[in-house]
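Take a look at the structure set out below.
The values are calculated or read from the model by the stated rules, or taken from the named source; none is laboratory data. These numbers come from a predicted model, not from an experiment. Don't worry about glycine lacking a Cβ; one is built from the backbone with ideal geometry, like all the others, and counts go over all protein chains shown. When the accessible area is computed, the model is the full protein with side chains, heavy atoms only, and any ligands, DNA or RNA have been set aside. Shrake-Rupley method; radii C 1.70, N 1.55, O 1.52, S 1.80 Å.
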Amino acid sequence: MYYKSDSFKSKNHLIQKDDTPLSPPGTKEPELQPQNPVRRKAKANSKKIETIKELGETALPVNFQSNIHCLTIVGQVEGHMILPPQNKTTKYEHIIPQIVAVEQNPEIEGMLVVLNTVGGDVEAGLAIAETIRGLSKPTVSIVMGGGHSIGTPIAVAANYSFIAPTATMTIHPIRLTGLVIGVPATMDYLERMQDRVIQFVTENSNISEHDFRSLMFKVGELSQDIGTVLVGKDAVKYGLIDQVGTISQAIAKLKALIDEKKGQGGLH
Amino acid sequence: MMDIIYTTYPLDMVLEEKDKKEQFNFKNINYQGIDMQVEPLGWNKFRVIRLYSTDPKDYLNNDLQPGSIISL
């Protein structure tokens, strides 16, 4: 892996260089330097031709500056264990430094969290959710497609949450994965882990603990499991998500929250 | 320490180890200040698979569209 977390260095860099907005978290030079400078030059010249050849298009200048950054949570949320490569994953070691950079960069005024995830590692998911919750800048989340399992706390962690009318959220119990040895303490550990998820969700949304637990342990909804699938407005009905909406409504809400914060003099 | 995977996906699908031949060979690099996942294609030639950036601007950059070939 070539990725190195360099958030502290990049933060300083972002603040000092205000003429060129940089993307969080990396501002580092490419790490893989070609050894032969002559060949490098030749490569650089051929790059434009290569783009036309490979993709049939030419590069257009990008004149676009956004004060909103977009965080996407896709596929499996990957935790301490690297998942086999057929999984599309969201890694917390990428996400957390990015959120830190969003917090630090004065150019960024709000963050949109777009979810289409099937769940994943409990601890990594909770870590991402807690980091989003801890952000001082306005955040809006939108569940597009699916926000299942550990996606639920991530969706509710934002200041305001949306769900697309066709999107679904599956609420089900945390169960043994077969990776752990079945000692008596294990069930207790699992129970406590589940409580952490329930606590986070109920603290950050309008759903009551009783309702959330009853959705989690509902029998007869899922064919091979206990739990509930909430489609669009159902998630709103139970108070889990604030509103059914589209991406434009989510961005409009985020802009309104930014203006509200500016009005209070809270934003830089 | 144990990992608990909380997902709607069947666990055997998540943890299935495919044949070595089928495995993707993706690398994570930082190019022009943007973290991204690339597929090495040969000496100093990479195909962009996905960007990890949160800046919407980066996704409008034609040179970095998924499928583009970059050289460092």
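Here are the numbers for the structure shown:
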quantity	calculated
Ranked packing of A:139-148, A:100-109, B:27-36, most packed first, by mean Cβ within 10 Å	A:139-148, B:27-36, A:100-109
Other protein chain Cβ atoms within 10 Å, averaged over every residue that makes up A:66-74	3
Hydrodynamic radius of segment A:68-261 per Kirkwood, over alpha carbon pairs, in Å	16.9 Å
Test item: A:119-131 mean partner chain Cβ contacts at 10 Å	3
Test item: A:157-166 mean partner chain Cβ contacts at 10 Å	0
Volume per residue that the Cα convex hull of segment B:22-70 spans, once the total is divided by residue count, Å³	75 Å³
Largest to smallest accessible area among A:Lys262, A:Lys88 [probe 1.4 Å]	A:Lys88, A:Lys262
Total charge dipole magnitude, segment A:68-261, about the Cα centre, Cβ charges on Lys, Arg, Asp, Glu only, Debye to nearest 20	340 debye
Order by protection proxy (mean Cβ within 10 Å, highest first), peptides B:49-55, A:236-242	B:49-55, A:236-242
Segment A:135-149-segment A:74-92 distance, computed between alpha-carbon centres (Å)	18 Å
